[in-house]
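Written out below as structure tokens is the structure these notes cover.
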Amino acid sequence: MSPHLSKEERQRQLLEASIRAFGALGYHRTQISDIIKEAGVARGTFYLYFKGKREIFDAVMTQLFDQVKGQIRDLPRDAADKIPDQLLGNIERIANLLLDNPLLTKILFNESVGLDAELDERLRKFYEQILDYIRRGLKQGQEMGFVRGGNNQILSIALLGCLKEVFYQSLLGTEKPNRQSVVQEIFRLVIAAISHPTIRPALEKLAM
């Protein structure tokens, strides 16, 4: 145990240990004893920071959402010619975050739904936050003439579903494509799915 860590450092230590435990065992199999063993702290130390497994899992989900959100840059309203590069940059940063943190991504994509109502609700809230972010981005793109019209609720769900499966297979599938291919194909997919017909040909040339 490291006795001289600050409160913030100790909390971060516990979060990192919980990510390793949840990633290796899954949420349902992980016990507090697994987390404190990973962290190298006493059980009492854990309860100084978290009430239990549910609360530390919530903290992990909040951290992941903040990290994903932090990778997204707003599309430039006054420079339409920069939108493709900004979109590609957003995709690349999110891909790097998820692929560089396989345990976090595994926790997010590999938890079973339907086994625990409270866990289901926490994951639902996480994805609803992501969907809301996508919907707002679609609306902004439509206002700028970059994104085609459509039902943004359905479009956001379709985009999220595609992205989840791509990253899931990239990390846990039997065939793992290289990172550049993942980013490029997602970029092409997004352009084909949501770009306005009047600018799609120009964008497709950029994606080649």
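If you bin every alpha carbon distance in the stretch 80-184 into 10 Å steps from zero, what whole percent lands in each bin? Spelled out bin by bin, the stretch 80-184 gives 13, 39, 35, 12, 1 percent. Residue pairs exceeding 29 angstrom between C-alpha atoms, taken from Lys82/Lys164; Lys139/Lys176; Lys7/Lys69; Lys69/Lys139; Lys51/Lys106; Lys82/Lys125: Lys139/Lys176; Lys82/Lys125.
Rg and Dmax, both from the Cα atoms of the stretch 36-129 and both in Å, are 17.3, 56. Highest mobility in the GNM of the chain, judged by mean-square fluctuation with C-alpha springs under 10 Å and restricted to Ala42, Ala158, Ala193, is found for Ala42. Each Lys or Arg adds one and each Asp or Glu takes one away; over the other residues whose Cβ falls under 11 Å from the Cβ of Glu121, this sums to -1. Once divided by 2.2 N^0.38 Å, the Cα radius of gyration of the stretch 7-50 becomes 1.03. The dipole here belongs to the chain: it is taken about the Cα centre, uses +1 on the Cβ of Lys and Arg and -1 on the Cβ of Asp and Glu, and is about 80 debye.
When each full DSSP H helix of the chain is screened for a Cα extent of at least 20 Å along its own axis and an average Kyte-Doolittle hydropathy of at least 0.5, the helices passing are 152-172, 179-194.
Each value in this text was obtained by applying a stated rule to the coordinates, not by laboratory testing. The structure presented is a predicted model; accordingly, all values stated were derived computationally and were not measured. Reconstructed Cβ throughout: ideal geometry from the backbone, glycine too, with neighbour counts over all protein chains shown.
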